[in-house]
Amino acid sequence: MTEKNNRRDFFKYIANSLAVIAAGVSVTGIITFLFPYSFGKRKRPERLVLSDNDFPDNKNYMHVKVGEKEALIIREVNELRAFDLQCTHAGCTTEWQEKKNRFFCACHNGIFDSKGKPISGPPKKPLDELIIYRNNSSIIITEQVKA
Ligand code: FES
């Protein structure tokens, strides 16, 4: 075997290896695009299944943790709303003030109304409202923010 053949074989080997790597990367990209939740590219949004019985006695609100989010569910006559309690100003956790029907952020005295709209203090953006819905007798809340 000549040195020329050795060099040619070496470059063939490198070219073939690069082709295999490129094919692997392409196939992986296609698979994660087609099945994003199955291959770790995107995390499936967490969801929680509850019922009306989970609300504390005489309360129309309830604190829950869904995914990484601390949230508050507010139940009104024919409506459910859920909010991420993270303040949109600097990320502190807001608290629900039932008697005042509002969210309060003690970090900088931010206040949001019961629909999550900022009404006082530094926050300019509303609280993130999470997707929540009824399915027969179940209440399903997800960590996904409403568009
Ligand atoms: S972090 Fe909530 S008002 Fe500043």
Query - Long-range HN-HN contacts of residue 66 with modeled amide H, under 5 Å - result: 71
Query raised in the report: Using a simple charge model, +1 on the beta-carbon of Lys and Arg, -1 on the beta-carbon of Asp and Glu, nothing else, what dipole does the chain show about its Cα centre, in debye to the nearest 20?
Result: 660
Query - Amide H within-cut-off set for residue 128, under 5 Å, with H built and near neighbours excluded - result: 84
Report summary line: Residue span residue 145 to residue 61: 0.36 nm per residue of separation minus Cα-Cα distance leaves a gain in nm of 28.4 nm
Report summary line: Going from the fewest other Cβ atoms within 10 Å to the most, one would list 18, 130, 50, 85 as 18, 50, 85, 130
Query raised in the report: In straight Cα distance, which lysines are under 29 Å from residue 99, not counting same-chain residues fewer than 8 positions off?
Result: 59, 65, 69, 115, 117, 124, 125, 146
**Report entry** Exposed-site-free run, longest, the chain (rule: trypsin sites (Lys or Arg not before Pro); DSSP loop; at most 15 other C-beta within 10 Å)
**Finding:** 1-40
Query - Net length gained if the chain between residue 21 and residue 43 were fully extended (0.36 nm per residue, minus Cα distance) - result: 5.3 nm
Query raised in the report: In vacuo Debye scattering of the chain, one point per C-alpha: log10 I(q)/I(0) at q = 0.16, 0.18 Å⁻¹?
Result: -0.89, -1.02
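No lab work stands behind these numbers, since they all come straight from the coordinates. Please read these numbers as outputs of a predicted model, since none were measured by experiment. For neighbour counting, all protein chains shown are included, and Cβ atoms are generated from backbone atoms with ideal geometry for every residue, glycine included.
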